[in-house]
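Trainee: I'd like to ask some things about the structure below.
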Amino acid sequence: MQAIQSSSAQSRIRAARAFAARFPPDTELLIVAATRGAADDFARAMALERATFGLHRFSLTELAARAAAIPISAAGQVAGTAANAEAMAARAAFDALRGGELAYFAPVAEMPGFPPALARTLHELRLAGVPPPALIAAASASDSLPDLARLLERVDDQLRTASVADRAALFETAADAWPSTRWAGCPLLVVDVPLASAAECRFALSVGRRSAAALLTVAAGDEATVAALEAEGVAVTRIDDDADPETDLGRLRRYIFSPLPPPARTRTGDVCLFSAPGEAREALEIARRALDEAEAGVRFDEMAVCLRSPGQYLGLVEHAFERAGAPAYFDRGTRRPNPTGRAFIALLSCACEKLSAKRFDEYLSLGEVPRLDAPPPPRETIPDDEVYARFSGAASDSAEPDRSSGAVPPDTDEEAIVAGALRAPWKWEELIVESAVIGGTEAFGPLHLDDERFDGTAVQCLVRRGEVDEIRIVGHREAQLTPAQLAPERADVVLGQLLRGPLVGTFCK
């Protein structure tokens, strides 16, 4: 088990890739990062260079939850949440105040901000593995420790009574259960995971010591993780930053976390620090500096704006770049839900709920009904991802035509396109009402061709358009309809009427 520390993320990633390259592609390798997304990004980067078959990606908490799932379930416990912790802290403070157990916190125990602050403090104490007797023994250091000891003891009792496993209990259980998990013994790669508490450090060391090989990368400035590793006998190797030490960026990367001031030198100007009075003015300064860099010859696609609080800055930065006339792309998930995925889920729910009218109504309201003139999907679909961009090649002939011209096709009864957006079967409101009255497919009895409940006009429409040559209808009996049996009688037929009757079967070309 070894660990490396560097102020260069590129150096740490390079060492992590070299560690992973030591094993054959089919080796089961655990990749643990600060977030699951970071672990996925590391795995995608490896997939560009070599085949990968046995990579398991986790965050540290996710890995602990997987390891502790069976023991926690066997003990009849449930995972705790932040709301649970705050509620237990509020109950402990109320009971302790009513019992006259609080002295230092008595004046503020009834304040609305006390339960959240107490929950965070007790959470850190439990992660650090500090028991109530240890707080009482150190009571001379602070007047608040006896009160904290009583409150911590009450919260511990509530956790045991309610069978709740908080984050500290999760890591403790996972560390004890790790030898019996299926991943025990697999090589371990921990990429820039801060081990800020004793519980997290104990779990990480339990995983690393039972691995065939383990490497931990530590970012510069994370002295808490370095101290925890060195206290357990893990040697931490320092790697120098590969940035040019004569540039401002290289100096910044080397000395940003150093308590000692760097030696004096002449600035090169590649790093600029500025402060603005408020978020709105800061966003304007960011847009102005992007334009200055563009005038200096830097392309827009070579610039990036990293925000610590996207929710607070996103709208301001978007407005600032819009005013500056600079194109901007925001890459933090999707700001609006994608209706395509939601429509697919609504269709699946409609089927699971036996043709639920409510679910079908939700599907139609999203306007994702396929167009009748839509081209068939290609037989081979290339994922829209930068990893597979090299395989996409030229656009295929079956690609969807460009509709960026802004022209809205005329509304027609055949396609039911409303303003070029909402696509739904004609008279779908009537269809919803009839589906609600019918109440599902079980309301139909055996299928007979002369049954008055059977409406074959939709089938006639399909045959008349040449989309199918015959239809096999499967119910309590089987039937087969051919074009000779489906004489056209009505013209105002829509495909949505197929849901009216017991037409559950196969459409044959």
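The values are calculated or read from the model by the stated rules, or taken from the named source; none is laboratory data. Nothing here was measured: the structure is a model prediction, and the numbers come from that model. Quick reminder, even Gly has a Cβ in these numbers, built from the backbone with ideal geometry, and neighbours come from all protein chains shown. Calculation scope for accessible area: heavy atoms of the full protein, side chains included, ligands and nucleic acids excluded. Shrake-Rupley method; radii C 1.70, N 1.55, O 1.52, S 1.80 Å.
Trainee: Under 8 Å between Cβ atoms, at least 6 apart or on separate chains: pull out the pairs that start in region 301-318 with a residue that is hydroxyl-bearing (S, T, Y) and end on any residue that is modelled with pLDDT of 85 or more.
Mentor: Qualifying pairs under 8 Å: Y313/E279; Y313/E282; Y313/A283.
Trainee: Would you please name the residue that is most open to solvent (accessible area, probe 1.4 Å), looking only at residues in region 24-46 that are touching a Gly at 6+ places or on another chain (Cβ under 9 Å) and within 16 Å of G208 (Cβ to Cβ)? Talk me through it step by step, then tell me what you get.
Mentor: So in region 24-46, the residues touching a Gly at 6+ places or on another chain (Cβ under 9 Å) come out as 24-29.
Subsequent filtering for residues that are within 16 Å of G208 (Cβ to Cβ) retains 28-29.
Working: E28: 64, L29: 7 Å².
Ranking the candidates gives E28 first.
Trainee: When both residues are 6+ apart or on different chains and their Cβ atoms are under 7 Å apart, which pairs have a first residue that lies in region 229-256 and is closer than 16 Å to Q2 by Cβ, and a second that is part of a helix (DSSP H, G or I) and open to solvent by 40 Å² or more (accessible area, probe 1.4 Å)?
Mentor: What qualifies is V236/E230.
Trainee: Next question, about the same structure. From A204, A175, which residue is small (G, A, S), assigned to a helix (DSSP H, G or I) and crowded, with 22+ Cβ neighbours inside 10 Å?
Mentor: A204
Trainee: Could you tell me whether A346 is surrounded by 15 or more Cβ atoms within 10 Å (Cβ to Cβ) and either charged (D, E, K, R) or without any contact (Cβ under 8 Å) to a residue 40 or more places away in the chain (or both)?
Mentor: Taking the combined requirement at face value, the residue satisfies it.
Trainee: Just to be sure I understand the filter: pairs with C-beta atoms under 6 Å, separated by 6 or more residues or on different chains, first member in region 92-117 and among the aromatic types (F, W, Y), second member part of a helix (DSSP H, G or I). Which pairs pass?
Mentor: Y104/D147; F105/D147
Trainee: Checking T217 against (1) over 19 Å from A3 (Cβ atoms); (2) outside any helix (DSSP H, G or I); (3) under 29 Å from the mean Cα position of the chain (by Cα), which test does it fail?
Mentor: Against the list (1) over 19 Å from A3 (Cβ atoms); (2) outside any helix (DSSP H, G or I); (3) under 29 Å from the mean Cα position of the chain (by Cα), T217 comes up short only on (1).
Trainee: Considering only residues of region 166-211 that are hydroxyl-bearing (S, T, Y) and either in contact with a strand residue (DSSP E or B) (Cβ under 7 Å, 6 or more places away or on another chain) or free of Cβ contacts under 8 Å to residues at least 12 places away in the same chain (or both), which is farthest from F53 (Cα to Cα)?
Mentor: To start, the set of residues in region 166-211 that are hydroxyl-bearing (S, T, Y) comprises 173, 180-181, 197, 206, 211.
Now drop any that are not either in contact with a strand residue (DSSP E or B) (Cβ under 7 Å, 6 or more places away or on another chain) or free of Cβ contacts under 8 Å to residues at least 12 places away in the same chain (or both), which leaves 173, 180, 211.
Working: T173: 29, S180: 23, S211: 19 Å.
The extreme case among them is T173.
Trainee: Quick check, is A85 surrounded by 13 or more Cβ atoms within 10 Å (Cβ to Cβ), within 29 Å of the chain's Cα centre (by Cα), closer than 30 Å to Y255 by Cβ and touching a residue at least 60 places away in the same chain (Cβ under 8 Å)?
Mentor: Details: surrounded by 13 or more Cβ atoms within 10 Å (Cβ to Cβ): yes; within 29 Å of the chain's Cα centre (by Cα): yes; closer than 30 Å to Y255 by Cβ: no; touching a residue at least 60 places away in the same chain (Cβ under 8 Å): yes.
No, not satisfied.
Trainee: Does A196 satisfy being part of a loop (DSSP other than H, G, I, E, B), of a type in the set (A, V, I, L, M, F, W, C) and either buried (at least 18 other Cβ atoms within 10 Å of the Cβ) or within 27 Å of the chain's Cα centre (by Cα) (or both)?
Mentor: Taking the combined requirement at face value, the residue satisfies it.
Trainee: Shifting gears a bit: State the number of residues belonging to region 121-144 that are free of Cβ contacts under 8 Å to residues at least 40 places away in the same chain and surrounded by 14 or more Cβ atoms within 10 Å (Cβ to Cβ).
Mentor: Of the residues in that region, 10 qualify.
Trainee: Got a number for residues in region 145-161 being without any contact (Cβ under 8 Å) to a residue 12 or more places away in the chain and either buried (at least 17 other Cβ atoms within 10 Å of the Cβ) or touching a strand residue (DSSP E or B) at 6+ places or on another chain (Cβ under 9 Å) (or both)?
Mentor: Number of matching residues: 1.
Trainee: Count, please, the residues in region 1-36 that happen to be polar (S, T, N, Q) and more than 30 Å from P245 (Cα to Cα). Write out each step before concluding.
Mentor: Going residue by residue through region 1-36, those that are polar (S, T, N, Q) are 2, 5-8, 10-11, 27, 35.
Adding the requirement that they be more than 30 Å from P245 (Cα to Cα) leaves 27, 35.
Qualifying residue count for the region: 2.
Trainee: Just to confirm my filter: which helices (runs of 4 or more DSSP H) fall fully inside region 221-331 and include at least 2 residues that are among the charged types (D, E, K, R) and open to solvent by less than 80 Å² (accessible area, probe 1.4 Å)?
Mentor: 248-255, 279-295
Trainee: Under 8 Å between Cβ atoms, which residue pairs at least 6 apart in sequence (or on different chains) link something in region 1-30 that is within 12 Å of T237 (Cβ to Cβ) and at pLDDT 85 or above with a partner that is open to solvent by less than 60 Å² (accessible area, probe 1.4 Å) and charged (D, E, K, R)?
Mentor: Note: pairs meeting the criteria are I4/R12; Q5/D222; S6/R12; S6/D241; S11/D241; R12/D192.
Trainee: Next question. Considering (1) small (G, A, S); (2) open to solvent by less than 60 Å² (accessible area, probe 1.4 Å); (3) in contact (Cβ under 8 Å) with a residue 40 or more places away in the chain, say which one A69 fails and leave the rest.
Mentor: Status for A69: all satisfied but (3).
Here is a yes/no grid of residues against (1) closer than 30 Å to A51 by Cα; (2) at pLDDT 75 or above; (3) of a type in the set (D, E, K, R):
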{"position": "E295", "(1), (2), (3)": "no, yes, yes"}
{"position": "R299", "(1), (2), (3)": "no, yes, yes"}
{"position": "G315", "(1), (2), (3)": "no, yes, no"}
{"position": "R332", "(1), (2), (3)": "yes, no, yes"}
{"position": "N338", "(1), (2), (3)": "no, no, no"}
{"position": "C350", "(1), (2), (3)": "no, yes, no"}
{"position": "Y363", "(1), (2), (3)": "no, yes, no"}
{"position": "A395", "(1), (2), (3)": "yes, no, no"}
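Trainee: For region 92-106, does any single residue satisfy the condition of being under 28 Å from the mean Cα position of the chain (by Cα) and not aliphatic (A, V, I, L, M)? Full working, then the answer.
Mentor: To start, the set of residues in region 92-106 that are under 28 Å from the mean Cα position of the chain (by Cα) comprises none.
No, every residue in region 92-106 fails to be under 28 Å from the mean Cα position of the chain (by Cα) and not aliphatic (A, V, I, L, M).
Trainee: Could we say that T217 is hydroxyl-bearing (S, T, Y) and either open to solvent by 10 Å² or more (accessible area, probe 1.4 Å) or under 18 Å from V130 (Cα atoms) (or both) here?
Mentor: no
Trainee: Using the structure shown, decide if A20 is more than 26 Å from the chain's Cα centre (by Cα) and among the small types (G, A, S).
Mentor: Answer is no for this residue.
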